[in-house]
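Written out below as structure tokens is the structure these notes cover.
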Amino acid sequence: MEGFEFTQRLKEVSDRFVDQLGEHFYLLADRFDPATLRHHTLFPREMTWYYGEPIWHRLSEEQKLMLNRLCFCQSYLSTGVAEVAVNILNMESALYTILRGAPEVALYMAREVVEEMAHVQAFLKVIERVLDFYGLTLDDLRHANPSLRLAKTYVNAHTLLGWLRGDLHYYYFTRFALNVNQKTVERSIIDEEDVHPVVQALLKNHATDEARHMQMSRATGIAALRQMRHPLARTLACLGYARFAASIFIGRHNRDSRLTRETRIRTLELVGVDRETAERAYAEWKNRVNQPQDPPLVRMGRLYFLRCNFEYIDDLPVAPWLKRRMKRTIFSAYTDLQNVAGLQTAPEVASQHAARGH
């Protein structure tokens, strides 16, 4: 299948690890005992929502730990839901491919589904045990995370577009931004000293799989764009990608939606903060009232996200003006980085700066 030869190399890597899915995910998650949490975190401390804010300093140490652990639960519940959504589209794409393309490419698409479900099962097991430790249920967590419904919108939109076009090229072209977002969190958490060792090992294994999936999404994205023969289709796809990537973020973001706003507020309520105080704390945090700059780890993550996206854009087979337009669109959502360590407003400079911080 033209343009997708790289999947053979990725499948060979996957073949070496597929028999270890049980050991790396199911069995490892089963070893997690919340009674051993003690002082351990589950999420990068600096990436904990509201870290360093006045509300953070008013929380007790136990509440700070609870908030950190609930941030893990919310992040990986969202990840699990997103992976299920991606699986639906991967299987649709595998069906298209096995009917009209190379069967081996379709089989690797299906292989990713097997791996992703191993991740989801492991995450849910850990999440439910953490929630039970705090006397909460999965329903409590889902109620506090209305942004989960966006995954269904994502699937429905790409399924409809695929049906209208007869292919899922738009899906494969845009999903790279989701992989970068996940990689940004995990490259921060796997070296954090206080993270519970079982969870840290689980996330290292997940990062290994996701690094390969990220290679897949990057290469398939470029290949999918080449498959779009009409220049207008390519242009619209590129502009759509830029807007999508600009809406994805680590930490605070000037394009926070109503659903993500509610998720941040309701999660703070689960820790024991009243609604009015939680709303005020969110507004101050999001608008950078008390901390104009993010903590170093968050800032580095946001720079990494920009760098990966800009490098992806640099490799796209489109005109230079369109690449510049895409970078400007994404960079406009990251205005907090314009004056970090001498960072200029030009996206090319952002890319260079992020590369130094990699």
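One table, with the values for the structure above:
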{"quantity": "Selected residue (criterion: modelled with the highest pLDDT) from residues of the stretch 316-358 that are polar (S, T, N, Q) and part of a loop (DSSP other than H, G, I, E, B)", "calculated": "S332"}
{"quantity": "Tabulated pairs, the stretch 306-321, first surrounded by fewer than 16 Cβ atoms within 10 Å (Cβ to Cβ), second at pLDDT 95 or above, C-beta under 7 angstrom, 6+ apart or interchain", "calculated": "D314/K323"}
{"quantity": "Residue in the stretch 172-188 that is of a type outside the set (G, A, S), outside any helix (DSSP H, G or I) and surrounded by fewer than 20 Cβ atoms within 10 Å (Cβ to Cβ) present", "calculated": "no"}
{"quantity": "In the stretch 257-275, the residues that are at pLDDT 95 or above and β-branched (V, I, T)", "calculated": "T263, I265, T267, V271, V273"}
{"quantity": "Qualifying residue in the stretch 183-199 (condition: in contact with a helix residue (DSSP H, G or I) (Cβ under 8 Å, 6 or more places away or on another chain) and over 21 Å from I250 (Cα atoms))", "calculated": "yes"}
{"quantity": "Scan of the stretch 30-54 for residues that are surrounded by 22 or more Cβ atoms within 10 Å (Cβ to Cβ) and in a helix (DSSP H, G or I), ordered by number", "calculated": "M47"}
{"quantity": "Out of L107, L89, sole residue that is surrounded by fewer than 18 Cβ atoms within 10 Å (Cβ to Cβ) and either among the basic types (K, R) or assigned to a helix (DSSP H, G or I) (or both)", "calculated": "L107"}
{"quantity": "Qualifying positions in the stretch 246-296 - in a loop (DSSP other than H, G, I, E, B) and β-branched (V, I, T)", "calculated": "I248, I250, V271, V273, V289"}
{"quantity": "Flag if N205 is closer than 25 Å to Y108 by Cβ and either in contact with a Phe, Trp or Tyr (Cβ under 7 Å, 6 or more places away or on another chain) or surrounded by 15 or more Cβ atoms within 10 Å (Cβ to Cβ) (or both)", "calculated": "yes"}
{"quantity": "Condition met for E115 (free of Cβ contacts under 8 Å to residues at least 24 places away in the same chain and in a helix (DSSP H, G or I))", "calculated": "no"}
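The values are calculated or read from the model by the stated rules, or taken from the named source; none is laboratory data. Just so it is clear, the model here is predicted, and its values are computed rather than measured. When we count neighbours, we look across all protein chains shown, and the Cβ atoms used for this are built from the backbone with ideal geometry, even at glycine.
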